[in-house]
Amino acid sequence: MSINSRISVIALACASGWAMPAHAQDADLKAIQQQIAAMQSQMQGMQQQINSLQLQLGQANARVATAETRAISAETQASAATAALAKAPAASVTAKPATDITWDGAPKLATKDGWSFKPRGRLQLDTGGVNAPAGIASAQSLGWATEFRRAYIGFDGTVPGGFAYRIEADLAGNAVDLTDVYLTYKANPQLSFTIGQQKPFNSMEDMTSDLFTSFMERAAFNSGFGFERRVGVSATYQGKTVLVQAGAFTDNAADLNNDRNNSYSLDGRVVFMPKLGDAQLHLGGSFHYRDFNDAQTSTRYRARPFLHTTDVRLVDTGAIASTGERSYGAEFAYINGRFHATAEGQWMTALRPGLSDPTFNGGYAEVGYLLTDDTTAYKGGAYDRIRPKSPLNKGGIGAIQINTRYEWLNLNSGAILGGKQEIAGISAIWMPTDYVRFIANYGHIWLNNAAVPAGAIRNYSADSIGMRAQFDF
C-alpha cells in the first residue's frame, strides 16, 4: 500500500469517529491532523530522496554500460592492431634508426644520408739517447732524454655527395701544429681529389703512417730532405694494380703566415703493385720540383742521428744559396705473409742558376719478419696496420715483429761537405692489440766528414738506442 493510501485510511478512520468523549474530539483531531501533516512532509522528503537515489543509480548504471562498451571497443581495437602487426612486413619492425653508431678504434656516427663523424688521435712517448765520442761540443744534448714525439687529436668523416674530411693537429712540444686538414671528393671508386694540407707524394716510407713504420723514425733522407705536409690540391687514381698520384702545393700551413711565401711545388708518384700468388710486389717512383720564389733564397739539408729526442744534427749542409730543388725517388717492396722486404733511394738536387747544382742522396734496405702467426699489412701503395690474430684481450700475446735495416744519407757533393751518415739498425715491435704498440730499436752510426766533429775528428762512430710506447684511436 502506498503512502498516500495509508494517509487516506487514517483520515477515514478519524472521520468515522473514535470512541472518545465529544468534548475532546476536536482537540485530538487537530493534534492527529498535525501529526499526519508532519508524517506527510517526512514521507515526501523520503520520496524525494528515493527519487534522487533512483536517478543516481540510473546514471551509475549508464556509466557502467558506457565503460563496458568502451572496454569492448578497446579490446576489439587491440585485437585488430595485433592482427595488423602480425600481418605487417618484417621491414617495418626492423627499420634502422636515423643514426648508426659503430666502432672502429673509436665510436663512429653515421646517418643514412651520408654524414659521418669519428674522433681520432694518437700518442707516442719516446725515450732514448746517443752515445757519441768525447769532444763533441753538443754532447750533453745527445744524452738520454724523453719526449712526447707526437700527440695528435682530431676527427674525420664524410659529407653527402661523395665528400670526406679530416681535421687533425699535433699538440706535442707545447705547441699546436696542423697535420692533416683537408677535404676529399671521390669522383668514382678509382679517382679522388683532395684540397688542403696533406702529404705530397714522396717516398713509400713517408706515405706510410708513422703508426706503422718498422722503426721509431723513418730513414734519415725523409727528414733530411725536408719532406713535410703542404697545402695544395691533388688527384689520386687507384686501380687494381696501378696507383697514380699527382699534385700542386704551396708550403706548410705554419709557413704560409709569411706574406712573402709564394713558393710552389709539383709532386707525383706512380706505383705498380701486382699480386704474385699470395705475395704482394711494389715497384714505384716519385718526382718533386719546387720553386722557392720569394719565400727563401737558400736551402738546408740535415738529419738527426736515428732518434728525435735530440736536436743535434751530425750531418748538415748548412745554408746553400738556391732558388729551388728537384728530386727523384725509387721504391721497391715485397710482402709475403709474415715477411717483408723494402728498399728505397732518393736523389735531391739544389737548383742554383749560375752555379753548380749539388746532388745529395739517401736510402735504405730493410727486411722484417713476424714471429707470431700474423700477416704484414699493405694497402694503397704503403704499409698498413697489423692486426694480431690473437690479441692480448682475447687470451693471446698479440703480434711480435723484428726488423733489420741499413740506411744512409750522403750530404757531400762537390765543394759542399755536409757529411755522410750510415746506420745499421735493428728493432723489435710488440703489438698486444690493434691499437697499441711498443718499439725498441738500436742503431750503430758511422759518420764521415761529420758536420759536428768530435774534437778535431770528423770520421767517427756512435750508438743510438730508443724505446716508444704508442696507442691510437
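The values are calculated or read from the model by the stated rules, or taken from the named source; none is laboratory data. If you're wondering where the values come from, they're calculated on a predicted model, not measured in any experiment. Ideal geometry is used to build each Cβ from the backbone, glycine not excepted, and the neighbour counts take in all protein chains shown. Quick note on the areas: whole protein, heavy atoms, side chains included, nothing else; ligands and nucleic acids left out. Shrake-Rupley method; radii C 1.70, N 1.55, O 1.52, S 1.80 Å.
Brief remarks follow.
- Put the Cα centre of region 427-473 next to the Cα centre of region 241-283 and the gap is 27 Å.
- Taking Lys and Arg as +1 and Asp and Glu as -1, the other residues whose beta-carbon sits under 10 Å from that of residue 338 total -2.
- Listed residues 212, 473, 272 arranged by accessible area, highest first, probe 1.4 Å: 272, 473, 212
- Under 11 Å, Cβ to Cβ, from residue 417 - net charge with Lys/Arg +1 and Asp/Glu -1: +1
- Region 263-394: relative contact order as a whole-number percent, Cα under 8 Å and 6+ apart: 19 percent
- Based on C-alpha pairs under 8 angstrom that are at least 6 apart in sequence, region 197-353 has a relative contact order of 20 percent.
- A cut-off under 11 angstrom between Cβ atoms defines the neighbours of residue 468, and their net charge, with Lys, Arg +1 and Asp, Glu -1, is -1.
- Mean silhouette area of region 133-212, derived from the convex hull of its C-alpha atoms and averaged over all directions, reads 8.4 nm².
- Stokes-Einstein, applied to the Kirkwood radius of region 316-357 over Cα pairs at a viscosity of 0.692 mPa s and 37 °C, places its translational diffusion at 251 µm² s⁻¹.
- For the set 186/394; 118/394; 186/275; 199/394; 118/186; 112/186, the pairs lying more than 29 angstrom apart at their alpha carbons are 186/394; 199/394.
- Anisotropy class of region 251-296 from Cα gyration tensor, a/c 1.5 cut: prolate
- C-alpha center-to-center spacing [region 294-311, region 178-207] in angstrom: 24 Å
- Normalised by residue count, region 328-421 yields a Cα convex hull volume of 119 Å³ per residue.
- Its residue count N fixes a reference of 2.2 N^0.38 Å for region 397-460, and the Cα radius of gyration divided by that reference is 1.59.
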